[in-house]
Structure formats: C-alpha cells, structure tokens
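Asker: Take this structure first; my questions come after.
The values are calculated or read from the model by the stated rules, or taken from the named source; none is laboratory data. Here the structure is a predicted model, which is why all the values come from computation and not from measurement. With ideal geometry, Cβ positions are generated from the backbone for all residues, glycine too; neighbour counts draw on all protein chains shown. Surface accessibility is based on the protein's heavy atoms, side chains included, excluding ligands, DNA and RNA. Shrake-Rupley method; radii C 1.70, N 1.55, O 1.52, S 1.80 Å.
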Amino acid sequence: MASSAAAARRDGRDSDSDLDLTEYLATDPLNPNAEATPKRAPSGGEYASRESKFVLRDTSSRLRSLGIRSKTCCWAVVALAAALWAILASGGFFAYQKYTQAPPDGLSPPWYPSPKGGTARAWADSYAKAASMVETMTLAEKVNVTTGTGWMMGPAVGTTGPAEKVGFPQLVLQDGPLGLRFADNATAFPAGITTGATWNADLMFARGKAHAQEARAKGIHVLLGPCVGPLGRMPAGGRNWEGFGADPYLQGIAGGETVKGIQSQGVMATIKHFVANEQEHFRQGGEWGLANAMSSNVGDRAMHELYAWPFYDAVRAGVASVMCSYNMVNNSYACGNSKLLNGILKDEMGFQGFVMSDWLAQRSGVASALAGLDVSMPGDGLGWADGKSLWGPEMSRAVLNGSMPLDRLNDMATRVVASWYQLGQDSPDFPNDGPNFSSWTDEENGLMAPGSSTDQEVVQVNHFVNVQGDHKDVARQVAVEGVVMLKNDGILPLSKDSPLNIGLFGEDAGPGKGPNYCKDRGCNQGTLGSGWGSGAVEFPYLVSPVEGITAIAGEGVSVADYSNSTGSLSKQPRMLDQDVCMVFANADSGEGFLAWGSVGGDRNDLFLQKGGDDLIVQVAEQCKGDTVVVIHSVGPVVMERWIEHPRIKAVLYANLPGQESGHALADVVFGEVNPSGHLPYTIGKSLEDYGPGGQVLYLPNGIAPQQDFDEGIFIDYRYFQRAGIEPRFPFGFGLSYTTFELSNMVVSEKKARTPLPSARPNPAVEPPSYSTESPSTQDAAFPADIRRLDKYVYPYLDKEVLEDIDYIEAGYQYPDGYDVAQPLSGAGGDEGGNPDLWDTYVAVSVDVKNTGDRKGKAVPQLYLSYPETESHAHVKFPIKSLRGFEKVELKPGEKKEVAFQVTRRDLSYWDVESQNWRMVDEGKFGFTVGFDVEDDGVRGEW
Ligand code: BGC
C-alpha cells in the first residue's frame, strides 16, 4: 500500500504525512474557516433568527469550489472569474446560442385545458362535499384557499387563506421529509436515503406514519414530503439524500409507502419535486446570480420510465398534493408546464389532489393556473417576502376582467377542499385551529405574521408540545436497517464481553458543537446525522457513535474517544495502541440556498470531506490492531484509496441516521442486530464512472443554463452495466453476519401478454360543475373592518381598483395551443393511470434460506431483462431493471418462499410513438433474483 502522502499526490491533493489531527477533526481543509454560509444576512429583528430564505447565495463559495482558494487567489483571478461568470450568465457566449433561440413558450408541447379533479371513484364523496362548499364560496374565498398568505405570514412555512364563512380553515404546511422542520420536541428521523437503504417497505410506512402523528399533534394539515425527486441522476446532487435512492422502482415503493403512512394519520402528504430538479446549481432564478432557473431537457421516455415513475406510485397511493419544482423542464418552468401538470400528472396519472408550487417556483400568473398549478406557495410573487403575489388580488382581478376562466379557479379550489375532506380533516378531532409552534422563534411568545412590518400583538406562538411519543424506536429501527455493511473480513461483530480496547477516531464519531450548531444544519461538524436545507430539522438530541458505542460496550471493553483530540497521530502513538481502531469520516451536501464552505448545495466531488481519506489511511497504517471504517454520507463516496487496504477489515456505510445514530451503529457493531441494509445507489470507483449524465453542471452555459439528459434512461447501475464499467459496490449490495441462499424460481403467468393496456376506462364519476355567472366585483372588495398587514397576501382589491376593471371583450391572449383539445392519454383512466397498468401479469417466487448460524434479514431483489427481439431492435433496454424486492427475516437454517407480483407497468416501456406503456409482445422476459444488481442468483423467464 502506498503511503498516504504518495496516494494523495497521485490524486493531486495536498498531504502531510505528519498529519495534524486538529486539521482533520476540526476544519475543512479546503476552507479552514468553513461554517454555514447564508447567502444574505437575515433581515433584522428577533424573528429573523431562524429565518434562512431571505439569504442570497454567496458566489465566493462557488469560486472556491472552482479551485480558486483564498490562499492562492489573487484579485485578477477573481475578476477574471467574475467576468467569465457575467459573460456566461448574460448568454453572450456564442457557443451557447442555440439555447437562447428557444421559442418564448419553451420547447415543451402545450396540453390544455386543465383536467378537472373529481373523476376517480375513491374521491367521489370528498368531491361531492367539496362541491357543496365551493359552490357557496365568494370569489375572494376561492382565491384565498389557493394562494399562500406570504413568507413568514403565519407560524408555519406555508399557510393558505381561509374561507371562514363556509367553515374552511387556513391550511398549515410544513417541511419536510426527515421530520418536522423548525419544530421543538419532535423526532429527527433518518433521512430518505437511509430509509431507502433499509429496503423494508413496512419501515417506510412506519416512518411516514410516525412523522404524520407528530405533524398532526403540532397542528399541521399538509406535510411537505416525501421527496422522490431528485431521483439521483448525478451522485453529487445536493438533495439526493432527501429521496430514497437512484432507482425509480425503489423510489416509487418508498414514496408510495411513505404517502400511505402519512395519510393513514389524516395528514396530507406532498410528493415532491415534480420533476427533474436533479441538481442545486441554478435550480432557481435569482439564487445563483442568474435571472432564470436551469432547464432539465428530458426525453419523453426517460421522463416516464425514470423521473415521473415514482410520482405514479404516489398518485396511486392517493397522495393529496404534488409540489412542482423550481427548474424548467424542456425550457418551460415546471410550475407552468402544461404538458407536465395537465398532461402527465392530471390526465395520464389521474391525479385528484392539488398541485402546489415549490416556494417561489411559480413564475407566471394566469398562465400557470391554465397550465395546471392549483396553489401558489408561499404566496409572494417573484421575490421572497415581497407581498406582490402572482395570484391573490391579481387572481381576483384576472377573473373579473375575464382573463382567468372561472371554471379553472373553481377546479383549483375544489381540488384543495376535496383533499381536506378526503383526509378527514373536517372531523372535529382534527386540529384546524393553527399550529402550536412557530417556525420563526424559539421564544414562547411572538408574532403570528413576523414577515410583516405592521405592528402586531405579541401572543403565545410556541406551546412546546412534546410529540415524540415512542418514535425513537422507529427512528432507531430505520437507522439500524439503513446501515450497509460493505466489507467484513471476519472482524465484526465485536464481542461486548471479551477484553478489547477500541479507539474511535475522527470528528464524525463525536458530538462536535452539537447537532443544531448551524442553521438548517448547513455545515459539516460533529457526527453527520442529516444533510442540510428545508429537509433538515432541529435535532431533539443526536446520539453520537462515541456515546452509542460506549453505552453498549460490555465489561471487558474499553472505549477511547479520539473524536476531538488534537495533535498528530504519529506523534502520539498511544492513541493507536488499540485492538480495534474505528475511524469515522463523512460527506455532506444540501439545499442550494445555503453553502457550507466550498460546497454550494451539490458536492464538488465524491471524496470524503474534512480529510477523511487521509485520516482513514493513517489510522489503518498506524493502528496496533485492525481498522473498521464507518461512513456517514449523503450519497456514494469514492473509497479507492483505502478500500483494499489489508488492515481495513470492515466498512460500515451508515448513510444519514438521524437522532438515533450511535445507538443504531452500536447495535450493528456488537451484533445486537444483524446488518441488513443494501445500497440504494451504485458506488463507483470515480465520479467519471457515472458517465457524462452523472455530472453536475457547475458553470452556467447560457441565459437559462441547459442540462441535456442525453443519457436517457441510463443512469446509475443502468449506465454502469451498459457501459461495462465495474463498480466498486453495485446497486443493491449489502452484507450480513449470516449467509443466504436462493433457489427454486417459479414464474407463473397471471394474465396473457398484450402489447397495450386495456382501453382507458371512462371516468367513474363526473367532476362537479358550477354556475358560470361572473362573480360580483363586491366579492373581491377589501372588507371595511379588516386590519391590513403590510405585505400579507390578501385576495382583495381596493374599491378604486375594482371600479377600474374592464372586462376584456376581445378575449384574453391565451398561450399557443390553448384552444386545441388534446386527445386523452391511453395510459390514463384512474388515480395512478390506467388500472390495467397495476394488474399482475406474472408472479415470480423464489425460496430464500438462511445458511449461516445467526438470525438475519435477507433482501432478495427481482430484476427484469426485456426481451431482445428484431421488432424492438430500435428500442434500447437496460440490461437489468429493479422490479421487486422483499425483506425477509430468517432464523438459522430457515427457508421461506418470497413472491413478487409483476405488473403491466413493470413489464412495459414508454412508447413515444403510441404515447402509452407498451409490452414487448414477443420474445422472453428474463427474471433474475439476487442480492444485488450484479448477482445472477436464480433466473427464470416468461
Ligand atoms: C424547497 C422545498 C420546501 C420549501 C418550503 C423549498 O426551498 O425546495 O422542498 O418544501 O422550500 O420550505
């Protein structure tokens, strides 16, 4: 093994063989002063203390990430880089001109008019109730329930207006996928990526359920999760950790189960972000020094088979809300993209709930409503907290002057109210009177609308209700089953009882400055429990690995904590005089509104951060005994420098474990629980191995940066297999302390093969219809008795404005294609699409046997290979696609049969010609069940 210094030189990085632990344990070598970098100083006042959205991106961090480091940087280089940025950003770079010539309406085809909700049998009662309520609403009330009141204009991150006269409350919306953001006394669950790594559908449901119990008890109607987009096209993508892994099937099962879990508690789930928001750089106009967001240019087939796929599962599960994303898709903003919202989501998938914008992702007024957006969040207009809504009063005006079809507004309001009924939130048991905590202050008392400068009464906003219950158990179980054992040369599990000195090395093993040290967890210090951004929460506590291992270690075991020691390893050999050295390292990333040092949301590479690789090598080389490596990470890391080191005997990949981190790890290390996690993505040998499609676009390449998803459906393992690249660890990989064996595959046909699904069924019910009479202008007049708050978004207009509104006799200039009714999709027909897509066509069963001497959980995975036929020679199929998985517990010697139901959708590809899911109707489908995507386990065909 080469020395760490030599290895570092080979990798082109600085190294010092006489390693100073202070550097490793306390700083980011790339940016020694790194801590969370808010993009703009928070606005003043006590209520800004936890406010993070007003901040602007710090472009100096981008310069650092480009390798322009403060030590070496000279002003000329900075000026040059800034000039280059300006040229690129302004689109002056000729090479990128093709992108500036896109038609003004974008390259996404028009799909109008917006399909009405209320066509699915499962929602019929809720729509009937909603219709009677919406029928009696005034114009202002309809606008109110579809527009947020503005940023920080309520205690939660989002609040709609009420329709008091008819008894409809303000809906309260709160992040996010990992727990309840900005809340006290609530659980910090493991992240989505850890949940994906469990491959345990029951745990996915249980985590969603516990999350929703907490939300409900805190007065939340709508949870802003789960997250299935980003899907993970780029392994360095900043928010991949909020979702469940780089495969649509895994994301679909996990997203669907989480939705069911959340909604089982009467809380509306939000599946997000629709769609193709795969990187943080340029995700949003304004945030990255550019006026426009980037465009993800995605082909129809990849859209269906990868990016939209998990949304199908969520809609099928009855999800109440879909959040459209910041980015453009095919050069049309996702929240104003009629093909996506009207076409794919509402017609094809039959979505019955409401589409809400990501926070400020709405970029137009009437046009976005026509394109299928139903709720504007947080209600402000094009800028944060500007109070100039694109809807609100403007929506009232647009209806009154005839530019906004009343019919559409009725559908928007009905979708919101029907969702409320559908979840049973009209019940007297549901807390409809607002949240009992504030996102904006930790104090007991505060303002209800701290975003407004108008004087307000100080009232009790935090009631400090403890909603954790026994959810730590679910959190721990997910964290335990989310640990993936990548290597074990017989060293694990450690014995609790025999004499053993264990040394724990690396800042990632210890508590650091506490889990909530940086706002929205926007820095990497101490042990890593979650990534950063709106998907992160306030930890009630975080059990560090040092605490967890110390707590569980038995009598004979002594644990030495070197997680925050200083000095050089080689100068303090006693530190390494251990029977076992456990060395911890990590990699962090997060949402693009915050940067940690040079990491501006997306990671800059796939290496461990804070010198982790060097530390691991040095510990392995100097430890008296063997070394165990533990990684906490937002996604794959490159581990080529040390993975084959002969003294590294075991590697545990613990993902992002949440508050129960140390307990969960200790359970696995000492064998209290047999590890059963499997990788929810591929670990490659380099970032380049993920192919051109796997690379984040770090520099703008035009006025609106363009990302062409040219690789189509070939991402992650689909790319590795097609390109013949050997991964370090394949997708689905994970070891156990026991061994399992597969045998006896049985493939049985359940339904005969036909190329296309059955004809689209007619709607089970008719959507509600309402009077088309124009509302009276009085309906939208500011009530005389209302006390107006500055910048608060109301639906009302002043009397003088109302008097000035002229009806547009000539008709409104609607977007191109608005008057061309689209043919209804053959793939549609019910919630989740054509019901035939969900019918089982083939059942595959296998026997799984525990052949070792310990109880353990196996994860048999079913992979499909499409038939290779002449008729389909023009269609490129992946070598394998995940189409089923189960988690099954087995005692030593025990054997169980595991069955997979393979549906029509699972067997189909998206045929862009017929615009439908098509099954290849000749040749043989291949089925493989194995313990990872490279494992040829047992095989069969149909
Ligand atoms: C994020 C969403 C989040 C919203 C509200 C946005 O910046 O992209 O995921 O739900 O903020 O906090």
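Asker: Give just the number: which of (1) assigned to a loop (DSSP other than H, G, I, E, B); (2) over 34 Å from the mean Cα position of the chain (by Cα); (3) modelled with pLDDT of 95 or more does Asn744 not satisfy?
Answerer: So Asn744 meets the others, but not (1).
Asker: Can we say Ser495 is assigned to a loop (DSSP other than H, G, I, E, B) and either out of contact with any Leu (no Cβ under 8 Å at 6 or more places or on another chain) or open to solvent by 10 Å² or more (accessible area, probe 1.4 Å) (or both)?
Answerer: Spelling it out, Ser495 is indeed assigned to a loop (DSSP other than H, G, I, E, B) and either out of contact with any Leu (no Cβ under 8 Å at 6 or more places or on another chain) or open to solvent by 10 Å² or more (accessible area, probe 1.4 Å) (or both).
Asker: Looking at the range 375-392, which of the residues that are in contact with a Lys or Arg (Cβ under 6 Å, 6 or more places away or on another chain) and within 11 Å of Gly148 (Cα to Cα) is least open to solvent (accessible area, probe 1.4 Å)?
Answerer: In this case the residue turns out to be Gly381.
Asker: Look through the range 700-718, keep the residues that are touching a Phe, Trp or Tyr at 6+ places or on another chain (Cβ under 8 Å) and surrounded by fewer than 23 Cβ atoms within 10 Å (Cβ to Cβ), and return whichever of them is farthest from Lys880 (Cα to Cα).
Answerer: Ile703
Asker: Please determine, by comparing only the residues of the range 587-606 that are of a type in the set (S, T, N, Q) and open to solvent by less than 10 Å² (accessible area, probe 1.4 Å), which one is nearest to the ligand (Cβ to nearest atom).
Answerer: Out of the qualifying residues, it is Ser589.
Asker: Filter the range 763-788 down to residues that are among the charged types (D, E, K, R) and open to solvent by less than 60 Å² (accessible area, probe 1.4 Å), then give me how many there are. Can you show your working first?
Answerer: Let us first name the residues in the range 763-788 that are among the charged types (D, E, K, R), namely 766, 773, 779, 785, 787-788.
Now restrict to residues that are open to solvent by less than 60 Å² (accessible area, probe 1.4 Å): 779.
Selection size over the range 763-788: 1.
Asker: Tally up the residues in the range 393-438 that are open to solvent by 10 Å² or more (accessible area, probe 1.4 Å) and hydroxyl-bearing (Ser, Thr, Tyr), please.
Answerer: 2
Asker: OK, next. Return the residue satisfying two criteria in turn: it lies in the range 188-237 and is in a helix (DSSP H, G or I) and either under 11 Å from the mean Cα position of the chain (by Cα) or of a type in the set (D, E, K, R) (or both), and of such residues it is farthest from the ligand (Cβ to nearest atom).
Answerer: Ranking the candidates gives Asp202 first.
Asker: In the range 499-526, what residues are open to solvent by 10 Å² or more (accessible area, probe 1.4 Å) and either within 16 Å of the ligand (Cβ to nearest atom) or among the hydroxyl-bearing types (Ser, Thr, Tyr) (or both)?
Answerer: Tyr517, Lys519, Arg521
Asker: Only one of (1) open to solvent by less than 10 Å² (accessible area, probe 1.4 Å); (2) under 25 Å from Val467 (Cα atoms); (3) small (Gly, Ala, Ser) is not met by Ala201, so which one is it?
Answerer: Exception for Ala201: condition (1).
Asker: While we're on this one: Is it the case, given these coordinates, that Gln477 is in a helix (DSSP H, G or I), among the polar types (S, T, N, Q) and open to solvent by 10 Å² or more (accessible area, probe 1.4 Å)?
Answerer: yes
Asker: Okay, next question. Within 16 Å of the ligand (Cβ to nearest atom) and either open to solvent by less than 10 Å² (accessible area, probe 1.4 Å) or modelled with pLDDT of 95 or more (or both): is that true of Val172 in this structure?
Answerer: For Val172, the condition - within 16 Å of the ligand (Cβ to nearest atom) and either open to solvent by less than 10 Å² (accessible area, probe 1.4 Å) or modelled with pLDDT of 95 or more (or both) - is met.
Asker: Collect the residues in the range 927-941 that are buried (at least 18 other Cβ atoms within 10 Å of the Cβ) and touching a strand residue (DSSP E or B) at 6+ places or on another chain (Cβ under 8 Å), keeping them in residue-number order.
Answerer: Phe927, Thr928, Val929, Gly930, Phe931, Asp932, Val933, Gly937, Val938, Gly940
Asker: Name the residue, out of Asp426, Asp433, that is under 22 Å from Val259 (Cβ atoms), among the acidic types (Asp, Glu) and more than 28 Å from the chain's Cα centre (by Cα).
Answerer: Selected residue: Asp426, the only one of Asp426, Asp433 that is under 22 Å from Val259 (Cβ atoms), among the acidic types (Asp, Glu) and more than 28 Å from the chain's Cα centre (by Cα).
Asker: Listed residues Thr258, Thr270; which is surrounded by 24 or more Cβ atoms within 10 Å (Cβ to Cβ), within 14 Å of the ligand (Cβ to nearest atom), under 18 Å from the mean Cα position of the chain (by Cα) and not in a loop (DSSP other than H, G, I, E, B)?
Answerer: Thr270
Asker: Quick check on the range 525-546. Is at least one of its residues touching a strand residue (DSSP E or B) at 6+ places or on another chain (Cβ under 9 Å), more than 28 Å from Lys624 (Cβ to Cβ) and part of a helix (DSSP H, G or I)?
Answerer: Taking every residue of the range 525-546 in turn, none turns out to be touching a strand residue (DSSP E or B) at 6+ places or on another chain (Cβ under 9 Å), more than 28 Å from Lys624 (Cβ to Cβ) and part of a helix (DSSP H, G or I).
Asker: Is there a residue being farther than 27 Å from Asn516 by Cα, of a type in the set (A, V, I, L, M) and buried (at least 24 other Cβ atoms within 10 Å of the Cβ) anywhere in the range 146-162? Write out each step before concluding.
Answerer: The initial filter retains those residues of the range 146-162 that are farther than 27 Å from Asn516 by Cα, namely 146-149, 160-162.
Going one step further and asking which of them are of a type in the set (A, V, I, L, M), we end up with none.
For the range 146-162, residues farther than 27 Å from Asn516 by Cα, of a type in the set (A, V, I, L, M) and buried (at least 24 other Cβ atoms within 10 Å of the Cβ): absent.
Asker: Among the numbered criteria (1) buried (at least 24 other Cβ atoms within 10 Å of the Cβ); (2) more than 16 Å from the ligand (Cβ to nearest atom); (3) under 18 Å from the mean Cα position of the chain (by Cα), which one does Leu178 miss?
Answerer: Result: Leu178 fails condition (2) only.
Asker: Is it the case that some residue within the range 789-799 is closer than 30 Å to Ala308 by Cβ, in a strand (DSSP E or B) and aliphatic (A, V, I, L, M)?
Answerer: Looking only at the range 789-799, we keep the residues that are closer than 30 Å to Ala308 by Cβ, and these are none.
No: zero hits.
Asker: Here's something else I'd like to know. Can you list the strands (runs of 3 or more DSSP E) lying wholly within the range 874-942 that have 3 or more residues being in contact with a Phe, Trp or Tyr (Cβ under 6 Å, 6 or more places away or on another chain)?
Answerer: Output list reads 881-885.
Asker: Let me ask another. Determine whether the range 309-325 contains at least one residue that is farther than 27 Å from Ile253 by Cβ and in contact with a Ser or Thr (Cβ under 6 Å, 6 or more places away or on another chain).
Answerer: No, there is no match, as no residue in the range 309-325 is farther than 27 Å from Ile253 by Cβ and in contact with a Ser or Thr (Cβ under 6 Å, 6 or more places away or on another chain).
Asker: Can you tell me which of (1) among the hydroxyl-bearing types (Ser, Thr, Tyr); (2) modelled with pLDDT of 95 or more; (3) out of contact with any Gly (no Cβ under 8 Å at 6 or more places or on another chain) is the one Ser598 doesn't meet?
Answerer: With respect to (1) among the hydroxyl-bearing types (Ser, Thr, Tyr); (2) modelled with pLDDT of 95 or more; (3) out of contact with any Gly (no Cβ under 8 Å at 6 or more places or on another chain), Ser598 is out only on (2).
Asker: Output the residues belonging to the range 795-826 that are surrounded by 13 or more Cβ atoms within 10 Å (Cβ to Cβ) and at positive phi.
Answerer: Within the range 795-826, Gly817 is the sole residue that qualifies.
Asker: Still on this structure: Restricting attention to the range 311-324, does a residue exist that is within 29 Å of Val267 (Cβ to Cβ), of a type outside the set (A, V, I, L, M, F, W, C) and within 16 Å of the ligand (Cβ to nearest atom)?
Answerer: Yes, that holds for at least one residue.
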